[in-house]
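Engineer: Please read through the structure below; I'll follow up with questions.
The values are calculated or read from the model by the stated rules, or taken from the named source; none is laboratory data. All values reported here derive from a predicted model rather than from experimental measurement. Cβ: placed from backbone, ideal geometry, glycine included. Neighbour counts: every protein chain shown. Keep in mind that these areas ignore ligands, DNA and RNA; they rest on the heavy atoms of the full protein, side chains included. Shrake-Rupley method; radii C 1.70, N 1.55, O 1.52, S 1.80 Å.
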Amino acid sequence: MQITEPARQIDVVRETDVLVVGSGPGGLAAALASARAGVETTLLERYGCFGGNMTQVGVEGLAWYRHPATIDSEGIGPEFESRAIGMGAALPEPQSISHALDAELFKYVADVLVQEAGIAPMLHRTCVAPIVEGGSIRGVIVESKAGREAILAKRVIDATGDADIAFRCGAPTHKTAREEMMAASVMFAMCGVDKARFIAGVQADPQTYADWGGNGEWDIETGGKEDAMFSPFLRKPFRQALEAGLLPPTLSTIAGTWGTVSDQGDLTYLNLVAIAGIDGTDPDDLTRGEIEGRWQAVMAVAALKRFMPGCEDAKLRNFGMTLGVRDTRKIDAAYNLTETDVREQARFDDSIGIFPEFIDGYGILILPTTGRYFHVPYRAMLPRGIGNLLVAGRAIGGDRVSHAAVRNMMCCAVSGQGAGAAAAVSVKSGQPLDALDIGAVQAELRRQGARIA
């Protein structure tokens, strides 16, 4: 059965040079780059804070892959980390030479970054449809407490993570089959942990990346060099809980990593719950994932209280605001990255940034400990068949293994900064996005501190 929605007039509430839809690492970086390049920029977000995965989901390890020999990205992504450190919103990360963000306080850090750049913030508005005329996007329609509104823009950046705007514009996209998608996660944190006893327990039984695999539920392929490296990995407390009957046999998949433990007893960035078969573009799947994930997280807390030293008197502090989704749609871009590109240090004339050889997903873990890195090309953000639109973040064009690299938050910031700079140069020059002077974009990115070669 279907109904017909009556036609209606919609008020245009804003006109802007560049509109960024979605404010995760890619969208926030895109808006900052666009505004810093000197064009009017609007940042649209469906929730009440900016930051996406970093704040709403609670993925605090922005650069947990970083080691002494890593040649890392430069520009706005590392700025997220440095600003968080300077504003007391980060703690040293246990397995790398990086800092983990404080997801709650980073909401305020993001506010400050947006306000400093002069970006027009538009929170609590959900994009429901693009406005397309003559094969080009002209803006979007949003829904909010104010009802239905329109926002017009000269250039639009899709930073939804799911290529929602590109897909609804009719641009070609593809999506991993549900049964092959990387699992979704409910992140959570605990408080009341005895830090000294917890760290002593970790040191008494140190875990490595080799311990990630071999549990009969999921396995991991490494390059070999990762196997003996320390990892803040937890599985044994959950095995003990299963044996004791505290956890039902269906929860044999609970395992994963912890992020930081503060002097105040906050154990954060608990990435222990992985739920398979969740399509992040299906609201019924998302509903099931949220409810199932919170139940599993509560079970995980009970197991840690019983079997992890220092957690005896701890309790749940908070869940992430929303489910963490790792892959859904990707665009068919002017150039689609390949496994060879991310494994073999690809170089591109239209590079808009670099990212180290870090692959994490689909059962592969390669850490950037040898100084290898690849270029992220501008063309991977350029969807086919629709004008005035760029895509930033994990939905850029590529295959399965390249996605396991570019989906990582720092690389999302790389593509975001590239998209923001490109959109601004396009507005100022009047050049279309598919015929842009890449040299001018690269010059703007260098001015903003990004490394492109």
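Engineer: For a quick check of understanding: with a 1.4 angstrom probe and all protein chains in place, what accessible area in square angstrom does residue 212 have, to the nearest ten?
Structural biologist: 30
Engineer: Give me, ordered by chain and number, the residues 5 or more places off residue 273 or on other chains with an amide H under 5 Å from its own placed amide H.
Structural biologist: Placed amide hydrogens put 186 under 5 Å from residue 273.
Engineer: Applying the Karplus parametrisation 6.51 cos²θ - 1.76 cosθ + 1.60 with θ = phi - 60° to the phi angles of region 334-343, what ³J(HN,Hα) value in whole Hz is obtained for each residue in order, glycine and proline being reported as x?
Structural biologist: Using θ = phi - 60°, the values come out as 4, 9, 9, 4, 10, 4, 4, 4, 7, 8 Hz.
Engineer: Taking the Cα centre of the chain as origin and charging only Cβ (+1 Lys, Arg; -1 Asp, Glu), how large is the dipole, in debye to the nearest 20? Don't skip to the answer; put the middle values down first.
Structural biologist: Values: 43 positive and 56 negative charges, 91 e Å.
For the chain, the charge dipole is close to 440 debye.
Engineer: Quick one: which residues, 5 or more positions from residue 357 or on another chain, have an amide H under 5 Å from its amide H? H modelled 1.01 Å from N in the peptide plane, none for Pro or chain starts.
Structural biologist: Counting only residues 5 or more places away or on other chains, the set is 372, 373, 374.
Engineer: Quick check for me: using +1 on Lys/Arg Cβ and -1 on Asp/Glu Cβ, what's the dipole size of region 67-128 about its Cα centre, in debye to the nearest 20?
Structural biologist: Dipole about the Cα centre, nearest 20: 240 debye.
Engineer: Then there's this: So if I place +1 on the C-beta of Lys and Arg and -1 on the C-beta of Asp and Glu, and nothing else carries charge, what would the dipole magnitude of region 253-397 be about its Cα centre? I want it in debye, nearest 20.
Structural biologist: Values: 15 positive and 19 negative charges, 16 e Å.
Approximately 80 debye in magnitude.
Engineer: Okay, next question. So what are the ³J(HN,Hα) numbers for region 168-176, from phi and the Karplus equation (6.51, -1.76, 1.60; θ = phi - 60°), rounded to whole Hz, Gly and Pro as x?
Structural biologist: Those phi angles translate into 6, 7, x, 5, x, 9, 9, 9, 4 Hz.
Engineer: Charges on Cβ only, +1 for Lys and Arg, -1 for Asp and Glu, centred on the Cα centroid of region 1-141; of 30, 136, 91, which one is farthest towards the dipole's positive end?
Structural biologist: Projecting each Cα onto the dipole axis, the largest value belongs to 136.
Engineer: Calculate, for region 278-350, the solvent-accessible area per residue in square angstrom, rolling a 1.4 angstrom probe over the heavy atoms of the protein chains.
Structural biologist: I get 45 Å² per residue for region 278-350.
Engineer: Obtain the nm distance between the two label points defined at residue 345 and residue 9 by a simple spin-label model: each point lies 7 Å from its Cα along the Cα-to-C-beta direction.
Structural biologist: 6.2
Engineer: Express the carbon and sulfur contribution to the solvent-accessible surface of the chain as a percent, rounded to the nearest whole number, probe 1.4 angstrom.
Structural biologist: 50
Engineer: Using θ = phi - 60° and the Karplus curve 6.51 cos²θ - 1.76 cosθ + 1.60, what whole-Hz ³J(HN,Hα) does each residue of region 350-357 get, with Gly and Pro shown as x?
Structural biologist: The phi angles translate into 9, 4, 10, x, 10, 9, x, 6 Hz.
Engineer: Taking only DSSP H segments of four or more residues, each worth -39500 (n - 2.57), what value at 222 nm results for the chain once the sum is divided by all its residues, to the nearest 500 deg cm²/dmol?
Structural biologist: Result for the chain, helices only: -9000 deg cm²/dmol.
Engineer: For region 9-121, report the accessible area per residue in Å² (1.4 Å probe, heavy atoms, rounded to an integer).
Structural biologist: For region 9-121, the per-residue accessible area is 33 Å².
Engineer: Can you give the FRET efficiency for residue 200 and residue 362, using 1/(1 + (r/R0)^6), R0 = 30 Å, r = Cβ-Cβ distance, to the nearest 0.05? Intermediate results must be reported in sequence, preceding the final value.
Structural biologist: Details: r = 35 Å, r/R0 = 1.17.
Once rounded, the FRET efficiency stands at 0.30.
Engineer: Starting from the Kirkwood radius over alpha-carbon pairs of region 45-133, derive D by Stokes-Einstein at 20 °C in a medium of 1.002 mPa s and give it in µm² s⁻¹.
Structural biologist: Working: Rh = 14.3 Å.
The diffusion coefficient I find is 150 µm²/s.
Engineer: Relative to the longest principal Cα axis of the chain, at what angle does helix 25-36 sit, 0 to 90 degrees, rounded to 10?
Structural biologist: It works out to around 40 degrees.
Engineer: Just subtract the alpha-carbon distance of residue 244 and residue 453 from 0.36 nm times their residue separation and send over the number in nm, one decimal. Can you show the working numbers first?
Structural biologist: Working: separation 209, 0.36 × 209 = 75.24 nm, distance 5.42 nm.
Contour length minus the Cα-Cα distance gives 69.8 nm.
Engineer: I would also like to ask the following. Per the Cauchy relation, a quarter of the hull surface: what is the mean projected area of the convex hull of the alpha carbons in region 178-326, in nm²?
Structural biologist: Answer in nm², one decimal: 9.0.
Engineer: To make sure I understand the rule: partners must be aspartates and glutamates, Cα under 18 Å from the Cα of residue 225, and not fewer than 8 residues away in the same chain. Which ones qualify?
Structural biologist: 211, 344, 357, 360
Engineer: In percent, what relative contact order does the chain have, based on Cα pairs under 8 Å that are 6 or more apart in sequence?
Structural biologist: Computed over the chain, the figure is 23 percent.
Engineer: Relative to the present Cα-Cα distance, how much length would full extension add between residue 120 and residue 229 at 0.36 nm per residue of separation?
Structural biologist: 34.8 nm
Engineer: Additional query: Along Cα→Cβ, 7 Å out, is where each label goes; now give me the distance between the ones at residue 312 and residue 111 in nm to one decimal.
Structural biologist: For the pair residue 312/residue 111, the computed spacing is 4.0 nm.
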